[in-house]
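Derivation of every value follows stated rules applied to the coordinates shown; laboratory data play no part. Because the structure is predicted, anything quoted here is derived from the model rather than measured. Counting neighbours? That spans all protein chains shown, and the Cβs are built from the backbone with ideal geometry, glycine included.
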Amino acid sequence: MNLKFAKKYWVQIAVWGALFALYFNMMFYFASLLRAIVIAAYNVGCLALVYNIIVYHIFPKYYHQKKKYFFSSFAIILVLTSIVVTGEILYFDYFSNDSSDHPPIMFLFMRLFMQFSLAFFAATSVSLMEQTTQLKVNEKLLNEEKLKTELKLLKAQINPHFIFNALNNIYSLTYMGKQNAPESVLKLSEMLRYVFYDCNKDKVKLIQEIKYIENFMAFQQMKSEHLQNIQFTKGADVDSIEVAPMLFIPFIENAFKYSKIEEIEEAFVKIEIENSNNKLSFIIENTVPEVGRSLPGSGLGIKNVKHRLEIIYKDQYQLDINEVNQIYKVELSLEI
């Protein structure tokens, strides 16, 4: 017997027990102890029978066919009322030799019919509430399953997106005959290890994400003869924090791509990661050149991140993106 069924079982026992006590107290004023017990048990048993027939048989089978449901319930109530009235006449001695001492049969019939009708409405109400609750539970489970599936698909999009960008970078280094091309392959292998192994987890240590960022920045620096203006500031208390993997990378990729930092010496990229009062703050700024400019934020990577944030962190994040005076700024805060 599972816990849910046991709970319903004991609730029914409590309700029918309370009704039995009520019937017994009313009958005990007019009849002997044994007679009061028998009449109370008979009436409550009949009500319980109607209730359980409706809940466990009629409602599951016919409720979606409204006419059949009400017709079947009415027929059962009518038949049981007739049987119980007959039983009361035959076995509980409602009638005496003086017909004026007993209530008319129609009175008995209407009293029992109303009682069974109340049992029907109670059964229907309880069944509807249980059905509504179950629908909500099913809807919640479906939504959770849908979110898990979406998250897996979004994470699956990260790998080809990353590999495409990385191979393009290595191609550029090789094409330009850079001596540090072999070193870039080593950096790439470390980054690939992180992407393919660590990023399969739901959460990773922030220090691993930071290591990836540092490799990424070193990878980017290899593509320029001049020293790129890259600033990376990280707080002292971020090592033990866990975050969803690859949340910051698309913003960083965009900053390097749209700032044209490898071509323009005046361009800069500033990255800051800090933890304060259980709130992780990620801020990145980059210049956006006026000539041939195109603003970041509309690509697959950013859309992916926004969707993942909505699924994983829901109401526990804030993302602000704006541009002022040719400086593009992204601020992301996460409650951790």
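Put a dot 7 Å past the Cα of residue 61, heading toward its Cβ, do the same for residue 181, and the two dots end up 7.9 nm apart. Remark: for residue pairs 306/329; 257/303; 270/303; 203/270; 203/329; 223/257, the C-alpha separation exceeds 19 Å in 270/303; 203/270; 203/329. Annotation: extensible slack from residue 16 through residue 303 equals 97.5 nm (criterion: 0.36 nm per residue apart, minus Cα-Cα distance).
Note on residue 260 and residue 202: with the Förster distance fixed at 25 Å, the Cβ-Cβ geometry gives a FRET efficiency of about 0.10. Comparing region 207-272 with the 2.2 N^0.38 Å rule of thumb, its C-alpha radius of gyration ratio is 1.16 (two decimals). Using the Cβ-Cβ distance between residue 315 and residue 237 with R0 set to 25 Å, the FRET efficiency works out to roughly 0.55.
For residue 187, which aspartates and glutamates qualify as cross-link partners when the Cα separation must be under 13 Å and same-chain residues fewer than eight apart are set aside? Answer for residue 187, where 13 Å is the Cα cut-off: 214, listed by chain and number. Computed from the Cα positions only, the extents of region 177-286 along the three principal axes stand at 43, 29, 22 Å, in decreasing order.
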